[in-house]
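Derivation of every value follows stated rules applied to the coordinates shown; laboratory data play no part. Predicted model, so just to flag it, every value in this text is computed and none were measured. Backbone-built Cβ (ideal geometry, glycine too); neighbour counts: all protein chains shown.
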Amino acid sequence: MSQIEINGSDTSTVHVLHLDLPPEAVERFTTMAGTGEWPLKYGLGATHLRPAFVETVDLRDLGPMRLSQYLTEAYDVPSRALGEDKSRIDALRGHAVILPPQAFEATSQTLHVASPLRHVGSYAITAARGRGAALRTPSAKGEGSGGAPVAGPSFSRPLLFTLVGLAILIVLGLYFLL
């Protein structure tokens, strides 16, 4: 049994585990039952785990892609972060369970990984970067030259059409009544 310390404020570590089960037992182990029973959560010894963020990967589904490549492309784990584990990761067969930081609900906890799970490693992910260069316009710096923008009309187009339609109906109704 291995232990993994989860820091609730950590947003930059992905945990990889090997799942040693026959293919027909994987879904039952990794899926939360309608009763709330979840063998994966128990196997991890987790107090908080979000099912939407837990990924179970059938390594055969990756085809020619290696698990290390998948971690790099899907989770932004730099290949240098995998270090010496890269060959061990790529040699895995069967299923892997990947736990990104969001899986732990920002809760500090100690995982007690038990069979059929085996902790392969925990790897730092690349920090998100901005999409482009910093804005340099005066308005982006809070140095706008004008006052507040002038407000447009306070009515909406659908409301205007509704009022015109009602006026037409009233005129037609009066015309036919008289």
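Things worth noting here:
- 222 nm mean residue ellipticity, helices alone, for the chain (DSSP H n ≥ 4; -39,500 (n - 2.57); rounded to 500): -8500 deg cm²/dmol
- C-alpha center-to-center spacing [the stretch 71-112, the stretch 18-62] in angstrom: 15 Å
- Computed from label points 7 Å out along Cα-Cβ, the spacing between E5 and E24 is 4.3 nm.
- Charge tally around H95: other residues with Cβ under 13 Å, Lys/Arg +1 each, Asp/Glu -1 each, net -2.
- Projecting the Cα positions of G36, A74, P100 onto the charge dipole of the chain (unit charges on Cβ atoms of Lys, Arg, Asp and Glu, taken about the Cα centre) puts A74 furthest along the positive direction.
- Net charge dipole size for the stretch 2-124 [Lys, Arg +1 and Asp, Glu -1 on Cβ; Debye, nearest 20]: 160 debye
- Cα gyration tensor shape for the chain, rounded if a/c is under 1.5, else prolate or oblate: prolate
- Rounded to the nearest Hz, the phi-derived 3J(HN,Hα) couplings of the stretch 165-178 under the Karplus curve 6.51 cos²θ - 1.76 cosθ + 1.60 (θ = phi - 60°) are x, 5, 4, 5, 4, 5, 4, 5, x, 5, 5, 7, 6, 8, where x marks glycine and proline.
- Shape call, the stretch 1-81: gyration tensor on alpha carbons, a/c limit 1.5: oblate
- Within the shell defined by Cβ-Cβ distances under 14 Å, the residues around Q109 carry a net charge of -1, with Lys and Arg each +1 and Asp and Glu each -1.
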